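Report on one structure; see the data block that follows.
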Amino acid sequence: MEELFNKKNKNRVLKAVNGEMSYQKLTAAELHQFVQHWNYDDGIEPFEWIIKQKHLDKGTALCLYWMLQPDYFCKFKNEEEIKEDTNYETYQIVKEIEERYTSGFYEDKNFSFDPKEEFFDENSNAKCIPEEMKVKSPGTVFERQDIEFALLRKPSEKELKTINSKIVDAIKIIQISNPDFIYDHADDAINAIIESVEYWKTKELGKIKIKNLSYLWMDCVHKKHNWDWIIWDWETGNNIGVTNATKELTSLENTIINHTIDGFQQSSIISDLYKDLAGVNNFYDLKKDPYSGIGLLFSTDHLKFRE
């Protein structure tokens, strides 16, 4: 099942959850994931429409039912008491699902869901819940998928050529104000980058691609600290960066220059971060961490790595 649920499907669910597209446009499989990803603190408005749809899978309806915590209402003596509770609207959705589910309204049985896996056991107070709602539904298990698609990967040959061309351009930018500059030592290059940033702060950039200095900075980190060139691949694009050996920390293109050329940070942070990355595997290894909060360093230990 997971193999048939591709990047496009995941992106549609993510957009629906974030309110960027209508949940009414989702397929049955996408609705199954939507139910599992929805933040229930944001309300239950989508489900007032969803539970009335004939194409809603029986397993999805059962999953939603238990996501709404129907056993919560078993502590009340009658519906009159429930009406006084702040969750009465949820109760109404729960009862409507019960009625439709037990009457055979949901005919498709593609996605299996077992409430006993997570939601209740023999010690739960589920006396008010129909027995049919406690039984595993037929079909194939379709577990919650990671819909926020992102991974780290090695750069392609084409991307490596792009990186090298930007480094060459960065060297030429420095040589405009420092004609004698030669890129042969990383430490010297860091100082040259700072001097170039200070020089260009007061100048019209014109066609100067000042952000390419960040590629030279990353190459210094690559050579000095053995960080690897990396592509942070997103659903809608990607970013070039460098990452440490454990892939737990990543610094991305443009950020170090964006933060200093406009004066947001002192240009000395170009050298500070470069030095502070020595021997660092994660944020805990940093003597201080002013970097993650301003977008100069990212934790990436949660991302998968693809060769």
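The values are calculated or read from the model by the stated rules, or taken from the named source; none is laboratory data. Quick caveat: nothing in here was measured; it's all calculated off a predicted structure. Virtual Cβ from ideal backbone geometry, glycine too; neighbours counted across all protein chains shown. To get the accessible areas, we keep the full protein, side chains included, count just its heavy atoms, and leave off ligands, DNA and RNA. Shrake-Rupley method; radii C 1.70, N 1.55, O 1.52, S 1.80 Å.
What nm value, rounded to one decimal, do you get for the distance between residue 268 and residue 284 when each label is placed 7 Å out toward the C-beta?
Roughly 3.1 nm, to one decimal.
Order the following by accessible area, largest value first: 195, 79. Probe radius 1.4 Å; ligands, DNA and RNA are ignored.
Largest accessible area first, the list is 195, 79.
What is the extension gain from residue 54 to residue 203, computed as 0.36 nm multiplied by their sequence separation minus the C-alpha to C-alpha distance, in nm to one decimal?
Separation in residues times 0.36 nm, less the Cα-Cα distance, equals 47.2 nm.
Keeping all protein chains in position, work out how much accessible area residue 41 exposes to a 1.4 Å probe, and write it in Å² to the nearest 10.
Counting only protein heavy atoms, residue 41 exposes about 140 Å² to solvent.
So, taking all protein chains as they sit and a 1.4 Å probe, how much accessible area belongs to residue 200, in Å² rounded to tens?
20 Å²
Go ahead and set up a Gaussian network model of the chain, Cα springs under 10 Å, then flag whichever of 42, 188, 285 fluctuates most.
Fluctuation is largest for 42.
Give me the percent of accessible area attributable to carbon and sulfur for the chain, probe 1.4 angstrom.
46 percent
Determine the per residue accessible area of the stretch 1-82 with all protein chains present and a 1.4 angstrom probe, expressed in square angstrom.
Heavy-atom accessible area per residue stands at 49 Å².
Angle check, please: helix 157-177 long axis (alpha carbons) against the longest principal axis of the chain (alpha carbons), in degrees 0 to 90, nearest 10.
Value to nearest ten degrees: 40.
Which value, in Å³ per residue, describes the convex hull spanned by the Cα atoms of the stretch 95-200?
284 Å³
How large is ³J(HN,Hα), in whole Hz, for each residue of the stretch 141-154 in order, when computed from phi with the Karplus curve 6.51 cos²θ - 1.76 cosθ + 1.60 and θ = phi - 60°, using x for Gly and Pro?
Once θ is set to phi - 60°, the couplings for the stretch 141-154 become 5, 10, 5, 4, 9, 7, 8, 8, 5, 6, 7, 9, 8, 6 Hz.
R0 = 51 Å: FRET efficiency of residue 72 with residue 165, Cβ-based, nearest 0.05?
0.25
Where the only charges are on Cβ atoms (+1 Lys, Arg; -1 Asp, Glu), what is the dipole of the stretch 66-124 about its Cα centre, to the nearest 20 debye?
I would put it at about 80 debye.
Normalised radius of gyration for the stretch 6-51, please: alpha carbon Rg relative to 2.2 N^0.38 Å, two decimal places.
1.02
Could you go through the stretch 297-307 in sequence order and give the Karplus-derived ³J(HN,Hα) for each residue, using 6.51 cos²θ - 1.76 cosθ + 1.60 with θ = phi - 60°, rounded to whole Hz, and x for Gly and Pro?
So the J values, rounded to whole Hz, are 9, 10, 7, 10, 5, 7, 8, 6, 10, 10, 4.
Given a 1.4 angstrom probe, what's the average accessible area per residue across the stretch 120-231, in square angstrom?
58 Å²
Can you tell me the FRET efficiency between residue 114 and residue 39 if r is taken as the Cβ-Cβ distance and R0 is 22 Å, rounded to the nearest 0.05?
According to the calculation, E is roughly 0.40.
In whole Å, how far is the Cα centre of the stretch 221-285 from that of the stretch 74-90?
When both Cα centres are located, 54 Å separates them.
From zero outward in steps of 10 Å, how is the percent of C-alpha pairs of the stretch 2-124 spread across the bins?
Per 10 Å bin, starting at 0, the Cα pair percentages come out as 12, 42, 35, 10, 1.
Taking the Cβ-Cβ separation of residue 141 and residue 6 as r and a Förster radius of 25 Å, what is the calculated FRET efficiency to the nearest 0.05?
Efficiency, rounded to the nearest 0.05: 0.85.
Quick test of your reading: applying the under-4.7 Å Cβ rule, which cysteines of the chain are isolated?
Among the cysteines of the chain, those whose Cβ sits 4.7 Å or more from every other are 63, 220.
Can you pull the one-decimal nm distance between simple spin-label points at residue 149 and residue 102, each 7 Å off the Cα toward Cβ?
Using points 7 Å along Cα→Cβ, the separation is 4.2 nm.
Net charge near residue 229, counting Lys/Arg +1 and Asp/Glu -1 over other residues with Cβ under 15 Å of its Cβ?
Value of the local net charge: +2.
In degrees between 0 and 90, to the nearest 10, how far off the longest principal axis of the chain does helix 28-37 point, with axes built from Cα atoms?
Computed tilt is about 70 degrees.
At residue 157 and residue 176, where each label point lies 7 Å from the Cα along Cα→Cβ, what is the point-to-point distance in nanometres?
3.3 nm
Taking amide H atoms as placed 1.01 Å from N in the peptide plane, list the residues 5 or more away in sequence, or in a different chain, whose amide H sits under 5 Å from that of residue 112.
For residue 112, whose amide H was placed from the backbone, the distant partners under 5 Å are 140, 141, 142.
Using a Gaussian network model of the chain with C-alpha springs under 10 Å, which one of 269, 174, 208 is most mobile by mean-square fluctuation?
Evaluated over the chain, the most mobile residue of the options is 208.
Label the stretch 27-75 by shape, choosing from rounded, prolate and oblate, from the square roots a ≥ b ≥ c of the eigenvalues of the Cα gyration tensor; if a/c is under 1.5 it is rounded, and otherwise prolate applies when a/b is larger than b/c, oblate when it is not.
Prolate shape, in that a/c is at least 1.5 and a/b is the bigger ratio.
Lysines within cross-link reach of residue 109: Cα-Cα under 29 Å, excluding same-chain residues under 8 positions apart?
Counting by Cα, and skipping residues close in sequence, residue 109 has these lysines nearby: 7, 8, 10, 15, 25, 52, 54, 58, 95, 127, 134, 136.
Which whole-percent values make up P(r) of the stretch 44-103 when all C-alpha to C-alpha distances are grouped in 10 Å steps starting at zero?
Bin by bin from 0 Å, the calculated values are 21, 55, 21, 2.
May I ask you to work out the translational diffusion coefficient for the stretch 149-274 at 20 °C, viscosity 1.002 mPa s, via Stokes-Einstein with Rh from the Kirkwood sum over Cα pairs, reported in whole µm²/s?
144 µm²/s
Share of antiparallel DSSP beta bridges in the chain, in percent to the nearest 5?
Rounded to the nearest five, the antiparallel share is 75 percent.
Hey, what does the equivalent ellipsoid look like for the stretch 198-250, semi-axes from the Cα gyration tensor as sqrt of 5 times each eigenvalue, largest first, whole Å?
For the stretch 198-250, the semi-axes come out at 26, 16, 7 Å.
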